[in-house]
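Data first, discussion second: the structure below is written as structure tokens.
Since every read-out is calculated from the coordinates, none of them should be taken as a lab result. This one's a predicted model, so the numbers in the text were calculated from it and none came from an experiment. With ideal geometry, Cβ positions are generated from the backbone for all residues, glycine too; neighbour counts draw on all protein chains shown.
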Amino acid sequence: MNFDHIYESCRLCPRNCRVNRHLSTGFCGCGDTVKAARAALHHWEEPCISGTRGSGTVFFSGCTLGCCFCQNYAISQENFGKEITIKELSHIFLRLQEEGAHNINLVTATQYLPSVLKALDLVKSRLSIPVVYNCGGYESEEIIKELASYVDIWLPDLKYFSSELSSRYSKASDYFNAASKAVKQMINQTGAPRFDSDGVIMEKGVIIRHMVLPGAKEDSIRLLQWMKQELPEEMYYISLMSQYTPFYQSGNFPEINRRITSYEYGKVLDKAIRLGLDQGFMQEKSSAKEEYTPPFDLKGIY
Ligand code: SF4
């Protein structure tokens, strides 16, 4: 695939807007110039990603999903950020490496992929740490295939099984159809998870994140059953998250305008354990704090 011309008729994600991003914007609201809101060491990812020194996280503006509860809504939905050139982005990657980052963590980069890949090309001979692709899971299988030589660690969400829920809360009725294929492709690419010589920091692999939503534990359980049936055992990690907090427009949906209960999280966790899906990370319910959202203050964007 030639990424050079894809902005001219954008199909970078399953929305397939086919807009000319040089002239206009599609669902994600992004043009053809990279915009980002923060590039800094981040300590709130899974332990094998953040390690002791932090993950070199770049938070891109805009998003291909429209989640009503997004904790990063200021950048994802309101598009806060600063435009940067491809060269500046490549310098950011090198600077994060110099600061000691365990990896380069691209957060919601899909809408800028042609530019991000060019920035990675500029520094690939000097970048010695893994590249993490941290995304909402709503990805095109065809695009994921093209990223095999760029991405070492995939960190996708798998948010919903039900298209009713994905349509209601994220404006994407085809979410599971796209995300299920994308996740399979990611696992095919990386093979079994691989760690550094201390067995602590991930160097290659897939971590599937799932955040349990209020009132939706049955949907979480259906997702777990699908993972058990469809994904190769021990080839990926699960991160089962309890941190749901009703941010952004959650108030428009009374059923999710609350935190999840210990009962809800416990039921999903029990099911994961009973299915043998216990390779991964579970959260203490008390860990649901806003520290997971860093300040979007343009730190490191220069
Ligand atoms: S990246 Fe943006 S413009 Fe391109 S297909 Fe996705 S939502 Fe549409």
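Can you go through Ala40, Ala36 and tell me which one is part of a strand (DSSP E or B), within 16 Å of the ligand (Cβ to nearest atom) and small (Gly, Ala, Ser)?
Ala36
More than 16 Å from the ligand (Cβ to nearest atom) and either closer than 28 Å to Met282 by Cα or within 15 Å of the chain's Cα centre (by Cα) (or both): does that describe Cys70?
no
Against the conditions (1) surrounded by fewer than 20 Cβ atoms within 10 Å (Cβ to Cβ); (2) in a helix (DSSP H, G or I); (3) within 21 Å of the chain's Cα centre (by Cα), where does Gln229 fall short? Just the number, please.
Single failed check for Gln229: (3).
Does Arg53 count as basic (Lys, Arg), more than 20 Å from Leu117 (Cβ to Cβ) and in a loop (DSSP other than H, G, I, E, B)?
yes
Report yes if some residue within region 245-256 is of a type in the set (Phe, Trp, Tyr), part of a helix (DSSP H, G or I) and either touching a residue at least 40 places away in the same chain (Cβ under 8 Å) or surrounded by 20 or more Cβ atoms within 10 Å (Cβ to Cβ) (or both); otherwise report no. Lay out the reasoning, then the answer.
So in region 245-256, the residues of a type in the set (Phe, Trp, Tyr) come out as 247-248, 253.
The next check asks that each one be part of a helix (DSSP H, G or I); those that pass are none.
Checked region 245-256: no residue is of a type in the set (Phe, Trp, Tyr), part of a helix (DSSP H, G or I) and either touching a residue at least 40 places away in the same chain (Cβ under 8 Å) or surrounded by 20 or more Cβ atoms within 10 Å (Cβ to Cβ) (or both).
Can you confirm whether region 6-14 contains a residue that is surrounded by fewer than 21 Cβ atoms within 10 Å (Cβ to Cβ), farther than 24 Å from Ile301 by Cβ, in contact with a strand residue (DSSP E or B) (Cβ under 6 Å, 6 or more places away or on another chain) and among the acidic types (Asp, Glu)?
no
Of the conditions (1) away from the ligand (no atom under 12 Å from the Cβ); (2) more than 17 Å from the chain's Cα centre (by Cα); (3) of a type outside the set (Gly, Ala, Ser), Asn16 satisfies every one except a single condition; which number is it?
(1)
From Ser50, Ser55, grab the single residue that is within 21 Å of Asp157 (Cβ to Cβ), touching a residue at least 24 places away in the same chain (Cβ under 8 Å), more than 14 Å from the ligand (Cβ to nearest atom) and in contact with a Phe, Trp or Tyr (Cβ under 8 Å, 6 or more places away or on another chain).
Within the list Ser50, Ser55, the selection yields Ser50.
Does Gly31 satisfy the condition of being more than 8 Å from the ligand (Cβ to nearest atom), without any contact (Cβ under 8 Å) to a residue 12 or more places away in the chain, more than 30 Å from Gly280 (Cα to Cα) and crowded, with 16+ Cβ neighbours inside 10 Å?
Considered against the rule, which asks whether it is more than 8 Å from the ligand (Cβ to nearest atom), without any contact (Cβ under 8 Å) to a residue 12 or more places away in the chain, more than 30 Å from Gly280 (Cα to Cα) and crowded, with 16+ Cβ neighbours inside 10 Å, Gly31 comes out as yes.
Please go through region 1-32 and give me each residue that is more than 17 Å from Leu117 (Cα to Cα) and aliphatic (A, V, I, L, M), ordered by number.
Across region 1-32, the qualifying residues are Val19, Leu23.
Can you confirm whether Gly62 is within 12 Å of the ligand (Cβ to nearest atom), in contact with a strand residue (DSSP E or B) (Cβ under 8 Å, 6 or more places away or on another chain) and part of a loop (DSSP other than H, G, I, E, B)?
yes
Tell me yes or no: at least one residue of region 84-104 is of a type in the set (D, E, K, R), assigned to a loop (DSSP other than H, G, I, E, B) and within 16 Å of the ligand (Cβ to nearest atom).
First, the residues of region 84-104 that are of a type in the set (D, E, K, R): 87-88, 95, 98-99.
Filter once more, keeping what is assigned to a loop (DSSP other than H, G, I, E, B): 99.
Those left that are additionally within 16 Å of the ligand (Cβ to nearest atom): none.
No: zero hits.
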